[in-house]
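Inspection log for the structure reproduced underneath, given as structure tokens.
The values are calculated or read from the model by the stated rules, or taken from the named source; none is laboratory data. Values in this document were obtained by computation on a predicted structure and should not be read as measured data. Backbone-built Cβ (ideal geometry, glycine too); neighbour counts: all protein chains shown. Accessible surface areas use protein heavy atoms only, side chains included; no ligands, DNA or RNA. Shrake-Rupley method; radii C 1.70, N 1.55, O 1.52, S 1.80 Å.
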Amino acid sequence: MTAARTVSGVVAGGVLVLLCVVVGAAVIGARRDFPGPGAVSLTWHVVAAVVVVVAQVFADRRRGMAALAGSTAVLVTAGVLLWTQWWG
């Protein structure tokens, strides 16, 4: 189970990096008057970041199947975010 928590921790960090990239693009776009990511994309990234952080903290504080469930929630949330906002 430690490997699952390690992988999901790295993925959770990646989701936070994506959030920073999208927020940065939105700020730069607004300052330079060119279209950036819209409010929908920003909302998706913020919600996903909150979900993965909560799920990762849950996974890190539990053992066994509960930890695996938290890690799975991180991976699924990141997959949905990538599928809908980056590859869709």
Exercise for review: Quick one: which residue in Val11, Val21, Val15 is open to solvent by 60 Å² or more (accessible area, probe 1.4 Å) and in a helix (DSSP H, G or I)?
Suggested key: Val21
Check your understanding: Just for the stretch 41-85: of the residues that are aromatic (Phe, Trp, Tyr) and touching a residue at least 12 places away in the same chain (Cβ under 8 Å), which one is surrounded by the fewest Cβ atoms within 10 Å (Cβ to Cβ)?
Key -> Phe58
**Study point:** Flag if Gly88 is under 15 Å from Leu18 (Cβ atoms), open to solvent by 80 Å² or more (accessible area, probe 1.4 Å) and either outside any helix (DSSP H, G or I) or aliphatic (A, V, I, L, M) (or both)
**Key:** yes
Check your understanding: Which residues, taken from the stretch 11-60, are among the hydroxyl-bearing types (Ser, Thr, Tyr) and under 14 Å from Leu82 (Cβ atoms)?
Key -> Ser41
Practice item. Would you point out the residue of the stretch 37-51, among those that are out of contact with any Leu (no Cβ under 8 Å at 6 or more places or on another chain) and in a helix (DSSP H, G or I), that is farthest from Val74 (Cα to Cα)? Key: Ala39
Review point. Which condition does Phe34 not pass, out of (1) modelled with pLDDT under 95; (2) surrounded by fewer than 17 Cβ atoms within 10 Å (Cβ to Cβ); (3) assigned to a helix (DSSP H, G or I), if it passes all the others?
Key: (3)
Revision key, fill the gap. For Gly24, the lone unmet condition from (1) at pLDDT 95 or above; (2) in contact with a helix residue (DSSP H, G or I) (Cβ under 6 Å, 6 or more places away or on another chain) is (2)
